[in-house]
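Working notes, structure below.
The values are calculated or read from the model by the stated rules, or taken from the named source; none is laboratory data. Source: prediction; values computed, not measured. Here the Cβ positions follow ideal geometry from the backbone for every residue, glycine too, while neighbour counts run over all protein chains shown.
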Amino acid sequence: MRLAKWRRLVSEGSASLDMFEHISLMTLDSLQKCVFSFDSNCQEKPSEYIAAILELSALVVKRREQLLMHMDFLYLLSPSGQRFRKACRLVHDFTDAVIQERRRTLPNHRISDFLKAKAESKTLDFIDVLLLTKDEDGKELSDEDIRAEADTFMFEGHDTTASGLSWALYNLAKHPEYQERCRKEVQDLLRDRDPKEIEWDDLAQLPFLTMCIKESLRLHPPVTVISRCCTQDVVLPDGRVIPKGTHKKGNSRVKWWFHSQLSQESPNCFPNWPHQFAVPPAMYKCTLFSTSSPALVVV
């Protein structure tokens, strides 16, 4: 569907396409299939649920830029806050309806028969997995727990995936020789098979494409800042130690932040990409926490 749509737009006279917009719809379409087994067809026609997801994503970014709106009571009184509430209700109602419908059908089957049927038809989705999941005490997840997991998958998954894919296409377009090599690798793997027949195990047979995707993610990481809390002492190369436990001024945990894009751009650390991904990780000669790197900030 994706390629057919893009070809149609080009044939209709579009000199260029905003690939991020189209790939965002593609990832949302794919995620709805994986999470809910629902065909939204949002790449071809409007979807109220997808529109709400996109609006919520935009509202979250906008709120971060407005200091006063960080206070919940002020934000929920604002026009943006009211739109946020409305979109949240729509998204939650959709997820709740899927969960309740699935719960009604689940008791009619033995778990083993249910899983076997799902495996044979390749329709086991994320909601099914969560419905069958139990915590460490043997308790099933509540509807609210399942909804939170599914919504997180939709919100956090579509945007980062679309960003990563868009940059990968951009980088391959800049290097047509790599693009052609990736295309040939996929064609050799599929041969006379339909692309829809590709299996998870087939991905291991695409080493060069995998290296190119990882290289693109290194150059343009969708998540550029990551925070971590120390659970044990971390010794830096110069002997300094980030201590485990509490900060010396109080009970807050010691945190560090590193900028994943800055930390990945040194040619001294990564001289031969994407081929660097062909060697075992233990052979990498650079660490994110090099003392010469501007990426590490201890607070």
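Within the bounds of the range 101-124, is there any residue that is in the same structural domain as residue 146 (by TED's automatic domain parsing), β-branched (Val, Ile, Thr), under 23 Å from residue 153 (Cα atoms) and at pLDDT 90 or above? No; the residues of the range 101-124 include none that is in the same structural domain as residue 146 (by TED's automatic domain parsing), β-branched (Val, Ile, Thr), under 23 Å from residue 153 (Cα atoms) and at pLDDT 90 or above. Kindly indicate whether any position in the range 61-68 is modelled with pLDDT of 85 or more, under 23 Å from residue 161 (Cβ atoms) and aliphatic (A, V, I, L, M). Yes - at least one qualifying residue is present in the range 61-68.
Residue-wise test of (1) in a helix (DSSP H, G or I); (2) within 20 Å of residue 20 (Cβ to Cβ); (3) in the same structural domain as residue 90 (by TED's automatic domain parsing).
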site: 136; (1), (2), (3): no, no, yes
site: 180; (1), (2), (3): yes, no, no
site: 187; (1), (2), (3): yes, no, no
site: 204; (1), (2), (3): yes, no, no
site: 213; (1), (2), (3): yes, yes, no
site: 218; (1), (2), (3): yes, yes, no
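Among residues that are assigned to a helix (DSSP H, G or I), at pLDDT 90 or above, within 23 Å of residue 38 (Cα to Cα) and not basic (Lys, Arg), residue 144 is included.
If you check 44, 55, 12 for being under 26 Å from residue 149 (Cβ atoms) and of a type in the set (Asp, Glu), only one passes: 55.
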